[in-house]
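Derivation of every value follows stated rules applied to the coordinates shown; laboratory data play no part. Because the structure is predicted, anything quoted here is derived from the model rather than measured. Here the Cβ positions follow ideal geometry from the backbone for every residue, glycine too, while neighbour counts run over all protein chains shown.
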Amino acid sequence: MISKIVFITGATSGIGKATARIFAQNNFSLILCGRREDRLSRMEKELQSDYGIQLKTLCFDIRTASACKNAWNSLPDDWKKVDILINNAGLAKGLAPLHEGEHEHWETMIDTNVKGLLYISRLISPGMVERRKGHVINVCSTAGHETYPMGNVYCATKHAVDALTKSMRLDFYKFGLKVSQVSPAHVEETEFALNRFDGDGDKAKIYDDFNPLTSADVANAIFFICNQPPHVNIQDILMMGTQQAGSNFIDRSGRIY
């Protein structure tokens, strides 16, 4: 018999990977999604070896609606009864004022952060509605609550995630579903900065002079959201490292924790 099923997008690194591990530690069954098959295979072996859980992996690009549909349809029917959907896949590309922005960067962020979340939610939510049971958790950002210089399109996509979370809550509450999000500030142990700067490791060293959150910190918050009584819906957890008071306010005097 399959235990509660958690479906995690963007599971091969960062917050997604840390979230997969904490749910595996607590004996949930996992469906892990990502674009890198070698990482998915490695995670499958590690988590099954360490925790003996049931697990499926789906390798596809969330930006393509047909790829999402084909991946979903490849699952056995009993694995489609997803209890918790964690829309984690997301990224930033580039850091430039709008008049210097690159169209390719914009399209990648919009297709991943917004359209990918929609494609997956559209596939999984009907079953939740039919069963009158389920929990959708979107990984937003402090950038979904405020803006910062040169973060224009990334901030726009995360504001969209915030709006979608609120809208999904209004759409689904009458069916007994929960909808939540977590909105972290800077998080290390992820590929966020590396992606933003197109793999430039030197530019990606943005955490050397302060302590940001870790991917495990955010994973713990996600698990906390899921671990509430049936009558409790946590709408949002807005979280930052102690040295960060907002997107534009960071104490960069050194890593003190």
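Overview of values
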| item | result |
| --- | --- |
| Flag if Ala143 is assigned to a loop (DSSP other than H, G, I, E, B), within 17 Å of the chain's Cα centre (by Cα) and surrounded by 21 or more Cβ atoms within 10 Å (Cβ to Cβ) | no |
| Ser125 crowded, with 17+ Cβ neighbours inside 10 Å, under 20 Å from the mean Cα position of the chain (by Cα) and closer than 21 Å to Asn73 by Cα | yes |
| Output for segment 27-82, where each listed residue is in a loop (DSSP other than H, G, I, E, B) and either of a type in the set (S, T, N, Q) or touching a Phe, Trp or Tyr at 6+ places or on another chain (Cβ under 8 Å) (or both) | Asn27, Arg35, Ile53, Gln54, Ile62, Thr64, Ser74, Lys80, Val82 |
| Residue under evaluation Met43, criteria (1) surrounded by fewer than 19 Cβ atoms within 10 Å (Cβ to Cβ); (2) within 23 Å of Leu194 (Cβ to Cβ); (3) touching a strand residue (DSSP E or B) at 6+ places or on another chain (Cβ under 9 Å), criterion not met | (1) |
| Qualifying positions in segment 169-184 - surrounded by fewer than 20 Cβ atoms within 10 Å (Cβ to Cβ) and of a type in the set (Gly, Ala, Ser) | Gly176 |
| Checking Ala96 against (1) within 21 Å of the chain's Cα centre (by Cα); (2) outside any helix (DSSP H, G or I), the condition it does not meet | (1) |
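Matching residues to (1) surrounded by 16 or more Cβ atoms within 10 Å (Cβ to Cβ); (2) β-branched (Val, Ile, Thr):
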{"residue": "Ile31", "(1), (2)": "yes, yes"}
{"residue": "Phe60", "(1), (2)": "yes, no"}
{"residue": "Asp83", "(1), (2)": "yes, no"}
{"residue": "Asn87", "(1), (2)": "yes, no"}
{"residue": "Lys93", "(1), (2)": "yes, no"}
{"residue": "Pro97", "(1), (2)": "no, no"}
{"residue": "Glu102", "(1), (2)": "no, no"}
